[in-house]
Amino acid sequence: ECDLAMEVKISFGESIVGFRRKVQCLDGSMIVIGSPIVRRVVKREEIVDAPALPLDEDNGDTTLVDGSNANSTNVTTTTKEEAPSPEQITKTTTISYELPPSIIQTGDVHVLKGHGMPKKRSHDQYGDLYVQYIVEMPAATSSGSSKLNADNLSPEERVELARLLSKLEGSNDPTKNVVRMSDGDGDATPMNKPGTGENESIHHLSMASASDFGHSTNPDEHHDDEHLHHDEDDGGHQIP
């Protein structure tokens with residue numbers, strides 16, 4: 001009877017790294033709530049040059065003058081030795097991450113103790129505040145478009161995002177055969193060798209909409225890059 005419940009909408013990114021929200025209590029005061037956190041420490045090592053030692057001001061060039069011969073003067077210049085190459089040392093950097101114990105999903109519930117309603121017959125004891133989450137998956141841009149804008153990411157970022165999400169889900173890497181490297185002759189080859197059955201001809205789909213259904217047209221009426229096609233002309237499977 002003394003507990004309170006509320007829903008909080010968070011972004012997909014916040015579900016991964018945590019969130020903070022300012023909320024208003026029943027008494028009108030404002031508090032900031034945040035997801036549970038677990039501190040994880042990562043140590044990163046790298047090889048760097050050791051700091052250079054300060055130079056001795058007297059350790060410079062020295063000029064000696066031999067005046068034993070009245071008709072001539074011999075000048076001898078001695079130069080200090082070249083400084084040795086800097087010593088290599090290992091630099092250790094400690095990085096602390098404060099992240100949720102697990103990735104927050106829609107329907108998950110967290111609690112803030114002592115921030116509910118006052119308990120009966122007690123003015124100094126309160127119930128708890130329960131927070132249930134709604135995770136908003138990326139589905140629209142800030143401009144109001146109903147589709148994600150792929151131009152916001154570079155090709156490298158799109159591939160890396162897909163790779164990380166598949167790793168997070170424990171599913172197969174969808175980026176295999178997506179990235180191709182070109183040699184000097186312009187021949188493009190996949191960076192990853194295709195697996196069994198992945199070297200077959202692929203029929204690529206074209207952009208369409210649901211309103212196009214039932215209005216089939218002759219493929220010859222479209223340009224080559226607008227209708228269904230496959231990578232190889234020979235040995236490809238025809239679509240019935």
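The values are calculated or read from the model by the stated rules, or taken from the named source; none is laboratory data. Being a predicted model, the structure only gives us computed values, none of them experimental. Quick reminder, even Gly has a Cβ in these numbers, built from the backbone with ideal geometry, and neighbours come from all protein chains shown. Heavy atoms of the whole protein, side chains included, go into the accessibility calculation; ligands, DNA and RNA do not. Shrake-Rupley method; radii C 1.70, N 1.55, O 1.52, S 1.80 Å.
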Exercise. So for Leu164, Leu112, what's the accessible-area order with a 1.4 Å probe, most first?
Worked result: Leu164, Leu112
Exercise. What does the highest-first list of 31-37, 208-214, 21-27 look like by mean Cβ count within 10 Å?
Worked result: 31-37, 21-27, 208-214
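With a Förster radius of 22 Å, plug the Cβ-Cβ distance of Met6 and Ile37 into 1/(1 + (r/R0)^6) and report the FRET value to the nearest 0.05.
Numbers: r = 20 Å, r/R0 = 0.90.
For Met6 and Ile37, the calculated efficiency is 0.65.
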For this session: Determine how large the accessible area of Asp124 is when every protein chain is in place; take a 1.4 Å probe and give Å² rounded to the nearest 10.
Result: 120
Seminar exercise, completed: Measure of exposure for Met117: accessible area at 1.4 Å probe, Å² rounded to 10, is 80
Exercise. What residues of region 1-31 lie in the reach of a label at Lys120, counting those whose backbone N is under 17 Å from a point 7 Å from the Cα along Cα→Cβ?
Worked result: 1-4
Exercise. What FRET efficiency would be calculated for the residue pair Ile95, Asp173, taking the C-beta separation as r and a Förster radius of 25 Å, to the nearest 0.05?
Worked result: 0.40
